[in-house]
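Following: one structure in structure tokens, then a few remarks.
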């Protein structure tokens, strides 16, 4: 399973890799529930993660330093933010790095000045998912593409899938498999509007 | 008499022949164990160098002195500077050792010389228990207790150089305490008796005779503690913040070589993966230097 598109060098090193999209996952920009900010534009979000905006009062919040929480290099979620929000720009080195979705979420839940990003499916009450360009991340806004920060979940095989791997991919794409993904707040491929 | 002697000699010869075979078999097995562990170490070294050395040569000295770390799976697209990570590793290690050494040595002196037997019976197992706590537990304690405390008291992220020091110094205490205690105990009795006999107090004896005589062991314990600190991964990963910048205060986040390798290994491919192995080589060099120093220190025995 990969949450980042295959890179050019991965493709050149393993030319037979086949990627099958199985769901679309929104990436929620999360802050502490005590934070009075509830909306950011994509540009504001970009500037926060690149380090151009460092205080919450620059985006209408209280006067406090923004504590940026990143995922590690190589993470699909980090890759998604870098491509979609940062448009390929670089993350500021001023933030901290946590090694998992759960670690980012629990850090943000404990620090009222923190901002991070996790899979929409992993958002719970301990954190607040921000609206981006005034669009809240929901199943529908991710499915119809109005919530901009989203990426495919891919199943990757070396060569065309056969045997159990093929059976598993077929099941994942079947209504029963897609229903399981839906129950976990991942957007089923069949619900995704053509992009 | 004459008939018994060769009999006895013959029996003992037969016994020694079977014992000899047994003994040789055991010796051979032990030799094999020894060789296999040496082989394992060499295989690991060869593997790390095979994976990391080509990258190290390609990246050149820039790898060590440049400060921007933007790894990608393609060498040409990435920026490969680990200078802040090396500084972070050294800073975290030196700080933890600086806090841990006085405490550890003081505790060792107490255990070896001052503590009455009942106290020792409680303290020694407790110190040993510290060594047995998994590092992830230390890390979790740090994340839930130390990090929020630092954030509340001093602001910032909480995950910081200070948090790493506070967790690491506890983790290296058992190493420093147990080896220092042993080396103080190993000082010949005559030294202490002689010192007391010429009228020195117990404290003067400890300060001027026992600790200097045990100094090589104490230094070795500190260096081994240093090795433990620089090699610690999980706990540091959880409390350091893993930020690849040179920290401007002890409340700022930092990153260490081990934590960075563990953090990024999961998703690293291509050049990124090789770079992590190259980081492993750098770490390996540090640990070899420390181990060498520890050997030197413990060999430099004061002539009794």
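The single condition among (1) crowded, with 24+ Cβ neighbours inside 10 Å; (2) touching a residue at least 60 places away in the same chain (Cβ under 8 Å); (3) out of contact with any strand residue (DSSP E or B) (no Cβ under 7 Å at 6 or more places or on another chain) that residue B:258 does not meet is (1). Filtering B:48, B:122, B:44 for residues that are surrounded by fewer than 21 Cβ atoms within 10 Å (Cβ to Cβ), part of a helix (DSSP H, G or I), free of Cβ contacts under 8 Å to residues at least 24 places away in the same chain and outside the structural domain of residue B:186 (by TED's automatic domain parsing) leaves a single hit, B:44. Checking each residue in the stretch A:8-18 for being touching a helix residue (DSSP H, G or I) at 6+ places or on another chain (Cβ under 8 Å) and at the interface with chain B (Cβ under 10 Å from one of its Cβ atoms) picks out A:9, A:10, A:13. Considering only residues in the stretch A:53-70 that are touching a helix residue (DSSP H, G or I) at 6+ places or on another chain (Cβ under 9 Å) and farther than 18 Å from residue A:30 by Cβ, the one that is farthest from the other protein chains (Cβ to nearest Cβ) turns out to be A:58. Do we find that residue B:287 is in a helix (DSSP H, G or I), closer than 27 Å to residue B:217 by Cα and in the same structural domain as residue B:143 (by TED's automatic domain parsing) in this structure? Yes: the conditions hold for residue B:287. Is it the case that residue A:182 is under 30 Å from residue B:144 (Cα atoms) and touching a strand residue (DSSP E or B) at 6+ places or on another chain (Cβ under 9 Å)? No; evaluated as a whole, the condition is false for this residue.
Quick grid of which residues meet (1) under 24 Å from residue B:63 (Cα atoms); (2) surrounded by fewer than 23 Cβ atoms within 10 Å (Cβ to Cβ); (3) at pLDDT below 95; (4) more than 12 Å from chain A (Cβ to nearest Cβ):
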site: B:206; (1), (2), (3), (4): no, yes, yes, yes
site: B:215; (1), (2), (3), (4): no, yes, yes, yes
site: B:227; (1), (2), (3), (4): yes, yes, yes, yes
site: B:232; (1), (2), (3), (4): yes, no, yes, yes
site: B:267; (1), (2), (3), (4): yes, yes, yes, no
site: B:273; (1), (2), (3), (4): yes, yes, yes, no
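Are any of the residues in the stretch B:100-113 assigned to a helix (DSSP H, G or I), modelled with pLDDT under 95, out of contact with any strand residue (DSSP E or B) (no Cβ under 9 Å at 6 or more places or on another chain) and surrounded by fewer than 12 Cβ atoms within 10 Å (Cβ to Cβ)? There is no residue in the stretch B:100-113 that is assigned to a helix (DSSP H, G or I), modelled with pLDDT under 95, out of contact with any strand residue (DSSP E or B) (no Cβ under 9 Å at 6 or more places or on another chain) and surrounded by fewer than 12 Cβ atoms within 10 Å (Cβ to Cβ).
Residues in the stretch B:64-86 that are over 18 Å from residue B:270 (Cβ atoms), within 13 Å of chain A (Cβ to nearest Cβ) and outside any loop (DSSP other than H, G, I, E, B): 3 in all. Among the candidates B:176, B:150, B:172, B:184, the residue that is within 14 Å of chain A (Cβ to nearest Cβ), part of a helix (DSSP H, G or I) and either crowded, with 20+ Cβ neighbours inside 10 Å or in contact (Cβ under 8 Å) with a residue 60 or more places away in the chain (or both) is uniquely B:150.
With the structure loaded, tell me whether residue B:276 is under 24 Å from the mean Cα position of the chain (by Cα) and under 30 Å from residue A:14 (Cα atoms) or whether it fails that test. It is true that residue B:276 is under 24 Å from the mean Cα position of the chain (by Cα) and under 30 Å from residue A:14 (Cα atoms).
Inclusion of residue A:103 among residues that are touching a strand residue (DSSP E or B) at 6+ places or on another chain (Cβ under 9 Å), surrounded by 17 or more Cβ atoms within 10 Å (Cβ to Cβ) and under 15 Å from residue A:48 (Cβ atoms) is not warranted.
Rundown of residues vs (1) over 24 Å from residue B:136 (Cβ atoms); (2) touching a residue at least 40 places away in the same chain (Cβ under 8 Å); (3) not assigned by TED's automatic domain parsing to the domain that holds residue B:148; (4) not in a helix (DSSP H, G or I), yes/no style:
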{"site": "B:204", "(1), (2), (3), (4)": "yes, no, no, no"}
{"site": "B:209", "(1), (2), (3), (4)": "yes, no, no, no"}
{"site": "B:216", "(1), (2), (3), (4)": "yes, yes, no, no"}
{"site": "B:226", "(1), (2), (3), (4)": "no, yes, no, no"}
{"site": "B:248", "(1), (2), (3), (4)": "yes, no, no, yes"}
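Could you tell me whether any residue of the stretch A:88-105 is in contact (Cβ under 8 Å) with a residue 40 or more places away in the chain and either closer than 28 Å to residue A:193 by Cβ or more than 14 Å from chain B (Cβ to nearest Cβ) (or both)? Among the residues of the stretch A:88-105, at least one is in contact (Cβ under 8 Å) with a residue 40 or more places away in the chain and either closer than 28 Å to residue A:193 by Cβ or more than 14 Å from chain B (Cβ to nearest Cβ) (or both), which makes the answer yes. Which residues, counting only those in the stretch A:155-194, are in contact (Cβ under 8 Å) with a residue 12 or more places away in the chain, farther than 28 Å from residue A:124 by Cβ and assigned to a loop (DSSP other than H, G, I, E, B)? Within the stretch A:155-194, A:159, A:160, A:161 meet the criteria.
Of the residues in the stretch A:71-85, none is under 21 Å from residue B:155 (Cα atoms) and within 14 Å of another protein chain (Cβ to nearest Cβ). Which number in (1) away from every other protein chain (no Cβ under 14 Å); (2) loosely packed, with under 15 Cβ neighbours inside 10 Å; (3) touching a residue at least 60 places away in the same chain (Cβ under 8 Å) marks the one condition that residue B:167 misses? Against the list (1) away from every other protein chain (no Cβ under 14 Å); (2) loosely packed, with under 15 Cβ neighbours inside 10 Å; (3) touching a residue at least 60 places away in the same chain (Cβ under 8 Å), residue B:167 comes up short only on (2).
The values are calculated or read from the model by the stated rules, or taken from the named source; none is laboratory data. Not measured: the values here are computed from a predicted model. Don't worry about glycine lacking a Cβ; one is built from the backbone with ideal geometry, like all the others, and counts go over all protein chains shown.
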